[in-house]
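These notes concern the structure reproduced below.
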Amino acid sequence: MKAIIRNTKNVKGAVRVPGDKSISHRSLIFGAMAEGETVIKNFLMADDCLRTMEGLRSAGTHIAESGGSIYVTGKRKIFNEPENVIYCGNSGTTMRLLAGLFASQPFYTVMSGDNSLSSRPMGRIVEPLVRMGAGLFGRKANRYPPLAIRGNTLHGINYRMPVASAQVKSSIIIAALSAGGTTIVEEPILSRDHTERILISFGGKLEKEGLSIMVPGNQNLRGIEIEIPGDFSSAAYFMAAAAMVKNSRIRIEKVGLNPTRTGFAKVLARMGAGVSIFNESQEGMEPVGDIEVSGSGRLKGVEILPCEVPGVIDEIPLLATVASMAEGKTLISGASELKLKESDRLLAISTELNKMGSDISTTDDGLIINGVEKLGGTKVESWGDHRIAMSLAIAALAAEGETIVNDFDCVNISFPSFPSIMSECGPEIVLVKDKKEPPLKGDSHVHRN
Ligand code: S3P
């Protein structure tokens, strides 16, 4: 499917975005590990989260949907051996978090993914989980999917993570809950902390000291009722549109405002956009509120420091989009993790925005963006990456003429209702089915270290 998008006069209105992707995955996993029932409201019905749901079902978890809520019957950490390979699709979160869960189960599990996931590094979870006592195997010296897991009795470890990663941290914490003894995990820069927060909601225990987290072993969790806040990363597309397109103002309601996620709002404000927050409240352990963004003339280029990167990790392609039309230079460094996402996002976004007239070059660990006065619509590619597809759609709203974003179906990975919610604010995104089925993508996997 391709998306045809024309530039827009303005974007206006108040919208709600679907539930947070990270919290949706975690609510299912902790619900499955707990005792009793977990009721999840505003769960994100998107491909990635449905992969986690299917993975848990394959291991014997009863998960039902009724009246817009998800009901998980807890397995008290006693799962069944899946009868077949668990297919994780495009979802790194599914594979890495479920690996932490299956590491302690006395059976054999295999997890595979699509071509993108098959080229994403798994050594970062294999190493700590093996140290805890599990057997994990993968291609290329146990570094790439498919992953085979021989679960075992685990013991706590003291582990310093080489890179900031919420998926790795969460995989270790999930394994630690079933291990004997205490696990201490430390990361170099704080990544999103939804796991730590939701664990407390499920009655679990952990202690934090600086960047270290101490997780006592053999914990029992209890089911909860949870309402998932709107996904800040989905809200960010609307914020960017309002900041880039003249005479725009958008309010996004009931969005998660976890401080480990909201870096993009701070950067937009630094670039000169009007950003205000209203109606702040708490949903379980997570802060929520409404965000309003308005453009105020041409934005200014800024510098994004390495310490800020985990807080904007999923918004860097979008930041590149906004910066491409800002005045002056934007420098992003310390972002080499972006090469290891659903696509090499530094290369993907710079290549495609440059087709629209941007002036962006890649560095070893970031981007140099020289702002231009205007972009022009043309044909661009999503690289099968949902965040690239939506970032290009936002560029299209501010570009002159018409833009075609090919391979747009990938928005279903995190935000299937993106086109319809965008139309509530004015712009129309016309979706056109491809005449021919897209050719099967090659089976060769590019390894990204
Ligand atoms: C996620 C963590 C982030 C993010 C991803 C979702 C999570 O990756 O990019 O989209 O739910 O834990 P890192 O593992 O690099 O932090």
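One line per residue, one yes/no per condition, for (1) at pLDDT 95 or above; (2) within 14 Å of the ligand (Cβ to nearest atom); (3) assigned by TED's automatic domain parsing to the domain that holds A393; (4) open to solvent by less than 20 Å² (accessible area, probe 1.4 Å):
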{"site": "E292", "(1), (2), (3), (4)": "yes, no, yes, no"}
{"site": "R298", "(1), (2), (3), (4)": "no, no, yes, no"}
{"site": "E315", "(1), (2), (3), (4)": "yes, yes, yes, yes"}
{"site": "A320", "(1), (2), (3), (4)": "yes, no, yes, yes"}
{"site": "A326", "(1), (2), (3), (4)": "yes, no, yes, yes"}
Exercise for review: Please work out if P162 is within 15 Å of the ligand (Cβ to nearest atom) and open to solvent by 30 Å² or more (accessible area, probe 1.4 Å).
Suggested key: yes
Conditions (1) part of a loop (DSSP other than H, G, I, E, B); (2) crowded, with 17+ Cβ neighbours inside 10 Å; (3) within 16 Å of the ligand (Cβ to nearest atom) -> V185 fails only (1)
Filtering the stretch 328-347 for residues that are basic (K, R), crowded, with 24+ Cβ neighbours inside 10 Å and more than 14 Å from the ligand (Cβ to nearest atom) leaves a count of 0
query: Any residue at all in the stretch 62-81 that is assigned by TED's automatic domain parsing to the domain that holds G311, open to solvent by 40 Å² or more (accessible area, probe 1.4 Å) and in a loop (DSSP other than H, G, I, E, B)?
result: no
Notebook entry, point to check: Is it the case that F418 is aromatic (F, W, Y) and within 28 Å of G297 (Cβ to Cβ)?
Noted result: yes
Q: For the stretch 33-42, indicate whether the set of residues that are touching a residue at least 24 places away in the same chain (Cβ under 8 Å), closer than 27 Å to G289 by Cα and assigned to a loop (DSSP other than H, G, I, E, B) is non-empty.
A: yes
Given (1) open to solvent by 10 Å² or more (accessible area, probe 1.4 Å); (2) more than 13 Å from the ligand (Cβ to nearest atom); (3) assigned by TED's automatic domain parsing to the domain that holds K41, L190 misses just (2)
Among strands (runs of 3 or more DSSP E) entirely within the stretch 325-395, at least 1 residues that are of a type in the set (D, E) and on the phi < 0 side of the Ramachandran plot occur in 359-362, 379-381
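The values are calculated or read from the model by the stated rules, or taken from the named source; none is laboratory data. Please read all numbers here as calculations on a predicted model, not as lab measurements. Every residue, glycine among them, receives a Cβ derived from its backbone with ideal geometry; neighbour counts consider all protein chains shown. Accessible surface is based on the protein model in full, side chains and every heavy atom, while ligands, DNA and RNA are left aside. Shrake-Rupley method; radii C 1.70, N 1.55, O 1.52, S 1.80 Å.
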